Ligand code: AMP
C-alpha cells in the first residue's frame, strides 16, 4: 500500500493577522507526506531541494518514516520559496511571492523501487512535472491530483493534459471557478470532470468540501475551531489524509471516499492550529481518532418527518 507523492518542498514566509513566520518548512508534498504517514508507513517522496535544505529537514521527514530517496539535492541551488498573507477571515490569502528556484529546471527521476506504487498523489507543482512522474509509474491503482491558481492560470494546457490521467482531482472553490470558467460549482464540477477525472473534490476552506462522483454528491463540513492559527498546507494535509485512508483500506468505492473525506478534514483541522507543519508533528493516533469522532458528532442527526 505504498503512496508515491510528488510536489513542492518549500520554505514559506507566512503572515496572518495574528503572527508571522519566516523560512518555515512547507511545500505541498511535505504536508501531504506528513499527513499520509499516519495511515501507512510506505510514503515515498519525489522532489528537489537546494543546499539550504538541511539534515534537520530530512530528519523531520524520516522521523515519520517518509522515504526521501526520490528527493534530489542540488548543491548549488536554492529550495522553492513561497510567501503568502492571510486576510482577517483566515479563509482567503494573497500570494506575495513564488520562487521556483531548483524546481525551474527539475527533470524528475522516479527511483526504480518506487515505480510499482499503487497510489500516486500529484501534489501542487508544475503540471508538466506531475505528468513526467506519472509516466514513470507502471500501473497505479489510483491517481490523485491537486493544483493551484498559479498553475491553472500559468500552464492551463499542460494541466489539462495531466488531468486526462487523473482519477481524483482536488481543488478549492475559487480555482474550480477559474478552471471551468463558470461561477456555479455544480456546473464547474461537470465541466472539470469532462477533462478527465471521474471524481472531483472541491474544498471550501472553513466551509468544508464537496465530493462529486458519478451522479452522486457528498458534503463534509470543516470542524468549527476556536483557534485557527495558520491555514497554510491545510489543503495538502487534507489530500494526505484522504489518500492515506484510501491506501490503508485499499477500497476506492464512493462509500469509502466519503470516510476518506472526513479523515482528510480531521487531519486538516490539526494543521491549522499551529504555524507550518508543527502541529502535524505532535499528534498521535488517539488524537486523530478523537477528532474523527468529533466530526461524526457534528454531522450526525436524525430527522423525523411529520
Ligand atoms: P495549501 O495551503 O494547501 O494550498 O498549500 C500551501 C503550500 O503550497 C505552501 O507550503 C507552499 O510552499 C506551497 N505552494 C504555494 N504555491 C505553490 C506553487 N505554485 N507550486 C507548488 N507549491 C506551492
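The values are calculated or read from the model by the stated rules, or taken from the named source; none is laboratory data. Note that the structure is predicted; figures quoted are calculated from it, not measured. Virtual Cβ from ideal backbone geometry, glycine too; neighbours counted across all protein chains shown.
Scanning segment 101-112 for residues that are touching a residue at least 24 places away in the same chain (Cβ under 8 Å) and in a loop (DSSP other than H, G, I, E, B) yields 106, 107, 108, 109, 110, 111.
Looking only at segment 144-177, residues that are surrounded by fewer than 20 Cβ atoms within 10 Å (Cβ to Cβ) and farther than 26 Å from residue 94 by Cα come to 4 in all. The residues of segment 258-279 that are away from the ligand (no atom under 12 Å from the Cβ) and closer than 29 Å to residue 84 by Cβ, listed by number, are 260, 261, 262, 263, 265, 266, 269, 270, 273, 274, 278, 279.
Taking the stated definitions as given, is residue 180 buried (at least 18 other Cβ atoms within 10 Å of the Cβ) and free of Cβ contacts under 8 Å to residues at least 24 places away in the same chain? Yes. Among the residues of segment 61-78, those that are under 16 Å from residue 42 (Cα atoms) and in contact with a strand residue (DSSP E or B) (Cβ under 9 Å, 6 or more places away or on another chain) comprise 61, 62, 64, 65, 66, 67, 68, 69, 70, 71.
Six or more apart or on different chains, Cβ under 6 Å: which pairs go from a residue in segment 6-17 that's under 13 Å from residue 71 (Cβ atoms) and more than 7 Å from the ligand (Cβ to nearest atom) to one that's modelled with pLDDT of 95 or more and assigned to a loop (DSSP other than H, G, I, E, B)? Could you list them? That search, which allows pairs on different chains as well, returns 9/27. Within segment 137-152, restricting attention to residues that are more than 16 Å from the ligand (Cβ to nearest atom) and part of a strand (DSSP E or B), the residue that is nearest to residue 195 (Cα to Cα) is 143. Taking each residue of segment 82-95 that is farther than 12 Å from residue 14 by Cβ and looking for partners that are within 11 Å of the ligand (Cβ to nearest atom) and at pLDDT below 90 with beta-carbon atoms closer than 7 Å, six or more apart or interchain, yields 91/205.
Right, residue 194: surrounded by fewer than 16 Cβ atoms within 10 Å (Cβ to Cβ) and either within 24 Å of residue 140 (Cβ to Cβ) or at pLDDT 95 or above (or both) or not? Yes: the conditions hold for residue 194. Could you list all residues from segment 60-101 that are within 12 Å of the ligand (Cβ to nearest atom) and buried (at least 16 other Cβ atoms within 10 Å of the Cβ)? If the condition is that a residue be within 12 Å of the ligand (Cβ to nearest atom) and buried (at least 16 other Cβ atoms within 10 Å of the Cβ), then 79, 80, 81, 82, 83, 84, 86, 90, 93, 98, 100, 101 are the ones that fit. As a summary of the residue check, residue 248 satisfies the conditions (1) surrounded by 23 or more Cβ atoms within 10 Å (Cβ to Cβ); (2) within 19 Å of residue 199 (Cβ to Cβ); (3) out of contact with any strand residue (DSSP E or B) (no Cβ under 6 Å at 6 or more places or on another chain) except for the one numbered (1).
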